[in-house]
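A quick write-up on the structure given underneath.
Please treat every number below as a calculation from the coordinates, not as lab data. What you see is a predicted model, and the numbers here were worked out from it, not measured in a lab. FYI the Cβ positions are ideal-geometry reconstructions off the backbone, even for glycines, and counts take in every protein chain you see.
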Amino acid sequence: MTELRHTLQTVSNRTGLSPHVIRVWERRYGTVSPGRSEGNQRRYSDGDLRRLTLLSQATRQGHRIGTVAELATDQLEALVDHLPGVETSSSDGGSAAPAVSGLPVDAATTTAARLLRSTLEAVAAMDGVRLEELLERGSVELGQTGLLLKVVVPLVEQIGEGWRTGDLQIAHEHVASAVLRTYLGAVSRPMALHPTAPVLVATTPTGQLHELGAILAGALAATQGWRVVYAGPSLPAAEIAATARQHAAGVVALSLVHPSDDREMAGELGRLRRLLPPAVAVIAGGRAAAAYRDSLEAIGAIPVENLDAFLSLLHRLRREPQ
């Protein structure tokens, strides 16, 4: 008899899926059929845990749950092993572009537009509970990579624009940040990664307090098989370097959003490069990155103009010697 020994919370912690999403997947797609304890609580087998882990990985790669839920476990294993989540757009080793599969293009675009509109309305109403519900629904409908690229990225951009124009107040940003920090942190949590998976540290340098860009970069890297260490915002160069060394990171990803005129930034970046092992690559992006172009070039940092470019760069770094 199959031993049912995993609670719903244990499965949630191990797979990175919220309890709500797990229950929705069971009810709507029949992903697994858990047993019940004497107290009528869900109990999952090792096979259930393995299957949900694979389904979580597949949706993080952009596959729609309605499609992959029909696959047998061995088919899921082959799918996850075969597709890293980013496919090259050319056959000659050129730059890669993220491939988000599942819904037909028109349907996915319509779904994403509807979710984006609803999430913006939730932010304007400062309704954090509604925003969290929309994100969980979006992860089911679009897959986590699709949700990140098609909804969360433009949402973060529009929140920033609304804050700059005065259409949104700082309180609106705080509500959105709290929900997004929790959601993106869950996406970034390492799960079922190979022991040799490359490590990326995501953070912002001292004085850069807006952290959503760094969290979002970490979440996207996690969907591509990177082991992500989110070090928090406004971190001194010495602490960033110490974190990278402790975790044997191959990449440090810096988000630079505001301010764009920090006179101490050049010194901080220089210290960071001196303290990091030479083989560690530094990636820099965000609205304020262009303002620090000279300082970033001086330390050999790799600039990324958008998250598509960031994903393509991660794809290349995994396959080429640094």
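Key figures
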read-out	value
Under-5 Å amide H pairs with Ile283, H placed in peptide plane, nonlocal only	Val252, Ala253, Leu254, Ile302
Cα convex hull of the chain - mean projected area over all directions, nm²	17.9 nm²
Binned Cα-Cα distances of the range 113-185, short to long, each 10 Å bin given as a whole percent	21, 60, 18, 1
Sites excluded, GluC sites (Glu not before Pro) in DSSP loops with at most 15 other C-beta within 10 Å, longest stretch of the chain	71-263
q = 0.21 Å⁻¹: log10 I(q)/I(0) that the Debye formula gives for the range 166-322, counting C-alpha atoms only	-1.47
Net charge dipole size for the range 253-295 [Lys, Arg +1 and Asp, Glu -1 on Cβ; Debye, nearest 20]	140 debye
Antiparallel DSSP beta bridges within the chain, percent to nearest 5	25 percent
Listed residues Gly30, Gly166, Gly185, most fluctuating in the chain (Gaussian network, C-alpha, under 10 Å)	Gly166
Expected 222 nm ellipticity per residue - DSSP helices of 4 or more, -39500 (n - 2.57), all of the chain, to 500	-16500 deg cm²/dmol
Only Lys, Arg (+1) and Asp, Glu (-1) charged, at Cβ; the range 6-51 dipole about Cα centre in debye	120 debye
For the chain, with +1 on Lys and Arg beta carbons and -1 on Asp and Glu, the positive-most of Val257, Trp25, Gly286 along the dipole	Trp25
Relative contact order (%) - the chain, alpha-carbon pairs under 8 angstrom, separation at least six	14 percent
